[in-house]
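Step one of this worksheet: look at the structure below.
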Amino acid sequence: MNIKFLISYDGSLYKGSQKQPNNQTIEDKLLHSFKRINIETKIILSGRTDKDVHATGQVFNCIIPDFWNDLSKLKDILNQQLPSSIRVHHLKKVSKDFHSRFHARKRVYRYLVTTKNITAFNNKFITQVKNIDEIKIQEAIKEFIGVHDFEYFHKQGSDKDITIREVYDTKFYKYKDIYVFKFTANSYLRSQIRLMVGFLLKISEGKLSIEDLKAQLNKQKNIHRIPALANGLYLSKVIY
């Protein structure tokens, strides 16, 4: 059976989502848990998240033996085997040709910042900034909507050489003491969102302008390529 899984995780404890020789990734922990219940399989993640990046809506699929027809029981067993920093929320049988990565139409990410003091309980999950100019960011973030060549908004190591991506929607809003950057796109390059947020935060500080953003987005100038910290970033939803 081909099964689609919805999971969440605390990325601060891992070296990223994709399997690596150090065995300290999300995929490593998932495969180890499957193996402990005698399931040998290959995991297909909807997309890669880097070290310290979290997920509330990561998706993967894998093939499991047909006798595991009680998916609710399988979810409970996996959650018992997995560390508490990784949770399985939902399982669903899908067609044999379903592919978590290639069939995804949109991916939604959120980036969280606050101007309040960071505590011992949230320092791994939110980025602190001195101040926020909401009006500047709300105006500037719209510039990312559309089809763009994000060559100046990515780090080396992206899966593909093609740097053109389509951003369907962007939002910036406040929820209690947290400011939220929200991006919806077909896919992303490595560190693309963190570089976009990093640029927006410089606009908020008054150190860069929307004209600077347009110039870099149009590849006229390579002005600022310092990413925001990873701990504020979340893969929120994958849309099929």
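Points worth noting:
- Of all residues in the stretch 16-31 being more than 14 Å from the chain's Cα centre (by Cα), at pLDDT 95 or above and of a type outside the set (Asp, Glu), the one that is most open to solvent (accessible area, probe 1.4 Å): Lys29
- Which numbered condition Asn22 fails, given (1) outside any helix (DSSP H, G or I); (2) under 30 Å from Lys171 (Cβ atoms): (2)
- Candidate set from the stretch 195-218 (those that are of a type in the set (A, V, I, L, M) and touching a Lys or Arg at 6+ places or on another chain (Cβ under 7 Å)); member that is most open to solvent (accessible area, probe 1.4 Å): Leu208
- Total residues in the stretch 87-117 satisfying the condition of being in a strand (DSSP E or B) and more than 15 Å from the chain's Cα centre (by Cα): the figure is 10.
- Among residues of the stretch 172-214, those that are without any contact (Cβ under 8 Å) to a residue 24 or more places away in the chain, of a type in the set (Lys, Arg) and farther than 15 Å from Tyr111 by Cβ, counted: 2
- Every residue from the stretch 203-220 that is under 19 Å from Ile145 (Cα atoms) and among the basic types (Lys, Arg): Lys214, Lys219
- Subset of the stretch 45-66 (residues that are open to solvent by 60 Å² or more (accessible area, probe 1.4 Å) and under 26 Å from the mean Cα position of the chain (by Cα)): Arg48, Lys51, Thr56, Ile63
- Taken over the stretch 137-156, the criterion of being among the acidic types (Asp, Glu) and either closer than 17 Å to Asp169 by Cβ or part of a helix (DSSP H, G or I) (or both) is satisfied by Glu139, Glu143, Glu151.
- Checking each residue in the stretch 219-240 for being open to solvent by 80 Å² or more (accessible area, probe 1.4 Å) and touching a residue at least 24 places away in the same chain (Cβ under 8 Å) picks out Asn222, Arg225, Ile226, Leu229, Lys237.
- Of everything listed in (1) surrounded by fewer than 14 Cβ atoms within 10 Å (Cβ to Cβ); (2) assigned to a strand (DSSP E or B), the single unmet condition for Gln80 is (2).
- Among the residues of the stretch 32-44, those identified as in contact (Cβ under 8 Å) with a residue 12 or more places away in the chain, more than 14 Å from Gln80 (Cα to Cα) and open to solvent by 20 Å² or more (accessible area, probe 1.4 Å) are Thr41, Lys42, Ile44.
- Lys202 being modelled with pLDDT of 95 or more, over 26 Å from Gly47 (Cα atoms) and in contact with a His (Cβ under 8 Å, 6 or more places away or on another chain): yes
- Conditions (1) in a loop (DSSP other than H, G, I, E, B); (2) open to solvent by 70 Å² or more (accessible area, probe 1.4 Å); (3) modelled with pLDDT of 95 or more; number of the one not met by Asn69: (3)
- If you check Glu151, Glu139, Glu166 for being touching a residue at least 24 places away in the same chain (Cβ under 8 Å), among the charged types (D, E, K, R) and either open to solvent by less than 80 Å² (accessible area, probe 1.4 Å) or in contact with a His (Cβ under 6 Å, 6 or more places away or on another chain) (or both), only one passes: Glu151.
- In this structure, Lys73 does not qualify as basic (Lys, Arg), in contact (Cβ under 8 Å) with a residue 24 or more places away in the chain and more than 20 Å from Thr25 (Cα to Cα).
- Test result for Ala120, over 20 Å from the mean Cα position of the chain (by Cα) and free of Cβ contacts under 8 Å to residues at least 40 places away in the same chain: yes
The values are calculated or read from the model by the stated rules, or taken from the named source; none is laboratory data. Everything numeric in this text was worked out from a predicted model, so none of it was measured. Heads up, the Cβs are rebuilt from the backbone with ideal geometry, glycines too, and the neighbour counts pull from every protein chain shown. In case anyone asks, the SASA skips ligands and DNA or RNA and just uses the protein heavy atoms, side chains included. Shrake-Rupley method; radii C 1.70, N 1.55, O 1.52, S 1.80 Å.
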